[in-house]
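Structure record follows, encoded as C-alpha cells.
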Amino acid sequence: MATKERADAARNRAKVLSAAAQLFAAGSPGAVTMEDIARAAGVGRGTLYRRYPDVASVAAALLDEHERRLQGELLRGDLPLGPGAPPHERLAAFLAAMVDLLGQHSHLVLGAEGGSRRFAVGAYGFWRAHVLALLRQAGTPDPEALADTLLAPLAPEVFRHQQAQGITAERLKAALTRLAQVATGTR
C-alpha cells in the first residue's frame, strides 16, 4: 500500500521543484548544485537529499511530467502521433513532438539526461521501445541497430548545438521527417 505524503514533505517538494525549475531555466543546467537548489528553495540540504540524491534526480522529477504527457499521447492520442497511423507518419510525428519537448525543456533534459545518463532514464527506454516497434511494424531491416541512431539527433547536447548553429525547430523537424521516411522505406 502506498504511503501518503506528509503535508510538510509535499510543501518542501513543491518548493524544491519550483526553485530548481527557476535555476535550470536561468543558466547552465550543469552549473546548478544541490546547495543552490536547497538555498533557493529555503530548505535544508538534508531535506533535499532525503528525496533527491543528486541534481540529475531533481531535473528528472521536473521533466517527468512533460515526458508522461507525451507518452500518453503516443499510447492514446490523436493521429498521427497516436495509434492507427502508418509507422512512417507516427515516427515523424514522434520525432517532431520530441523536438517540441526539447525546445521547451532542453534545460531540464540537459540536467536530467546529459551524456550517458540519457540511456539510464526510463523515458529513453520508452522512446526506444516506441521507435523499435514502429520500425518493426514498417518491416525495417535490423531495427535494433537503427532505433538508437534515430534517437541520437534528439540528445540534448546535439539539440542545443544545432540551435547554436541556427538550425530552427522547423528545419530539424523536416530533416527528421525525411529520416523517418528513409528508415521506414517510404522514401
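For L62, are the conditions met, namely being at pLDDT below 95 and under 30 Å from L134 (Cβ atoms)?
So L62 fits the description; yes.
Pick from V99, V16: which is of a type in the set (V, I, T) and assigned by TED's automatic domain parsing to the domain that holds F126?
Just one listed residue meets the conditions, V99.
Against the definition (at pLDDT 90 or above, surrounded by fewer than 16 Cβ atoms within 10 Å (Cβ to Cβ) and assigned to a helix (DSSP H, G or I)), how does R90 come out, yes or no?
Working: at pLDDT 90 or above: yes; surrounded by fewer than 16 Cβ atoms within 10 Å (Cβ to Cβ): no; assigned to a helix (DSSP H, G or I): yes.
So R90 fails the test.
Need the failing condition index for E67 against (1) surrounded by fewer than 17 Cβ atoms within 10 Å (Cβ to Cβ); (2) among the acidic types (D, E); (3) assigned by TED's automatic domain parsing to the domain that holds H105, just the number.
(1) is the only condition that E67 fails.
From the list A155, A147, A169, which one is hydrophobic (A, V, I, L, M, F, W, C), outside the structural domain of T33 (by TED's automatic domain parsing), under 23 Å from R69 (Cβ atoms) and at pLDDT below 95?
Numbers: A147 fails: at pLDDT below 95; A169 fails: at pLDDT below 95.
So the residue among A155, A147, A169 that is hydrophobic (A, V, I, L, M, F, W, C), outside the structural domain of T33 (by TED's automatic domain parsing), under 23 Å from R69 (Cβ atoms) and at pLDDT below 95 is A155.
Among the residues of region 1-17, how many are part of a helix (DSSP H, G or I) and loosely packed, with under 13 Cβ neighbours inside 10 Å?
Here the count works out to 5.
Suppose we keep only residues that are of a type in the set (V, I, T) and either in contact with a helix residue (DSSP H, G or I) (Cβ under 6 Å, 6 or more places away or on another chain) or assigned by TED's automatic domain parsing to the domain that holds S106 (or both) within region 23-45. Which one would you say is surrounded by the fewest Cβ atoms within 10 Å (Cβ to Cβ)?
Checking each candidate, the answer is V43.
Could you tell me whether any residue of region 69-81 is farther than 30 Å from V131 by Cα and not hydroxyl-bearing (S, T, Y)?
The answer is no, given that none of the residues of region 69-81 is farther than 30 Å from V131 by Cα and not hydroxyl-bearing (S, T, Y).
The values are calculated or read from the model by the stated rules, or taken from the named source; none is laboratory data. Everything quoted here is computed from the prediction, not taken from an experiment. Here the Cβ is made from the backbone with ideal geometry for all residues, glycine too, and neighbour counts use every protein chain on show.
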